[in-house]
């Protein structure tokens, strides 16, 4: 048994020495033969300069003026255009409910509601169907997705609530617009 361990140790030493020499490699420098001496001088030739070298002109590009700090300090304000008054001779009746006009906070949250031009039952049904479809999609989201996209879901629910309010107030176009915004946000949330 002692003999076999000696042989094994010897083999290991030989293998180790071989690997060590393989890694270290040879320390001899490669001998590079010297270049032959130039016996005759060589004249260097230079090409003759052409009389009219071709010129490449840069295309003219019209760039905007460089912005300056003084121009950035002035804020240009746009004036709001006054709404065009209808020129019909029929009497225009004021809205019967004074609370139907949105408060400034609602205007900034919802945006300016439309005049409710398309109030047909078909358009109202389309808006109601879109709102209901969005609600089903919200309920169908996984709890993990709801946790990950909490802020976006909150925006979707806000659009849904505002769409329902617009539909209840008779603003079908506004309801469709808000429900479509909610649908687009839901599309982004459901992307993998």
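Bear in mind these aren't lab numbers, they're just calculated from the coordinates by the rules spelled out. Remember, predicted model here, so these are calculated numbers, not experimental data. Don't worry about glycine lacking a Cβ; one is built from the backbone with ideal geometry, like all the others, and counts go over all protein chains shown.
What the table shows:
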item: Sorted by Cβ density within 10 Å, fewest first, the residues 150, 81; result: 81, 150
item: Mean separation of Cα contacts under 8 Å (6+ apart) over length of segment 116-192, as relative contact order %; result: 44 percent
item: Per-residue Cβ neighbour rank within 10 angstrom, fewest leading, 169, 50; result: 50, 169
item: Sorted by Cβ density within 10 Å, fewest first, the residues 159, 16; result: 16, 159
item: Rg/Rh (Cα only; Kirkwood hydrodynamic radius) as it applies to segment 116-192; result: 1.02
